[in-house]
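The values are calculated or read from the model by the stated rules, or taken from the named source; none is laboratory data. Just so it is clear, the model here is predicted, and its values are computed rather than measured. Quick reminder, even Gly has a Cβ in these numbers, built from the backbone with ideal geometry, and neighbours come from all protein chains shown.
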Ligand SMILES: [Ca+2]
């Protein structure tokens, strides 16, 4: 075959292919810029027909990697904190019921119990601590709470009552039993009190309208505990 014949056949084939570019097909619009592939696709489409329906779902895949129920440290930390709060709440509720059953009274933010047992200051302090409490101090500095304590607990007993205030560590430097230093603003002494370096423990004094007096720590008085 001569080269002329070959060229002629190629030209005819190109014309034939170019002619297919204009064949309308339902699944594609032929583009002459992508002639070869679109012609091939069109021919395949006509020979094979349209795609069939989607087949049924395949079998389930293999199980994923086994891991703990929580793989998030922050979430675990929050879980632990919530558990701790729940336990604290239950303990607080239980503690409140126990205190009320044992005769403690809620005044202000704390619970109080007047022990009508006459003891010296240090023994009274120890007795409060054995009950998980301290001699009254934090609430006693609050004038409103103090008025309630005197009116509801101390005055009805009509007897001198130790509270938590002494200068046993340093003479003249009174410290409340919760560790707060006494000042003229947070301590309401009776008139002319404190009166003696030998009187180093404070009590609610019946003879001075239940204001504070420094007395000998060996005196036997009732005592007021605070939780
Ligand atoms: Ca005194």
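The table below gives the values:
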read-out: Filtered residues of segment 199-227 (kept if in a loop (DSSP other than H, G, I, E, B) and touching a residue at least 40 places away in the same chain (Cβ under 8 Å)); value: 205, 210, 217, 218, 219, 220, 227
read-out: Which listed residue is at pLDDT below 95 and either within 17 Å of residue 152 (Cβ to Cβ) or not assigned by TED's automatic domain parsing to the domain that holds residue 201 (or both), from 94, 115; value: 94
read-out: Segment 163-198: number of residues that are in a strand (DSSP E or B) and more than 13 Å from the ligand (Cβ to nearest atom); value: 5
read-out: Leading residue by the ranking (nearest to the chain's Cα centre (by Cα)) among those in segment 201-227 that are within 10 Å of the ligand (Cβ to nearest atom) and surrounded by fewer than 21 Cβ atoms within 10 Å (Cβ to Cβ); value: 205
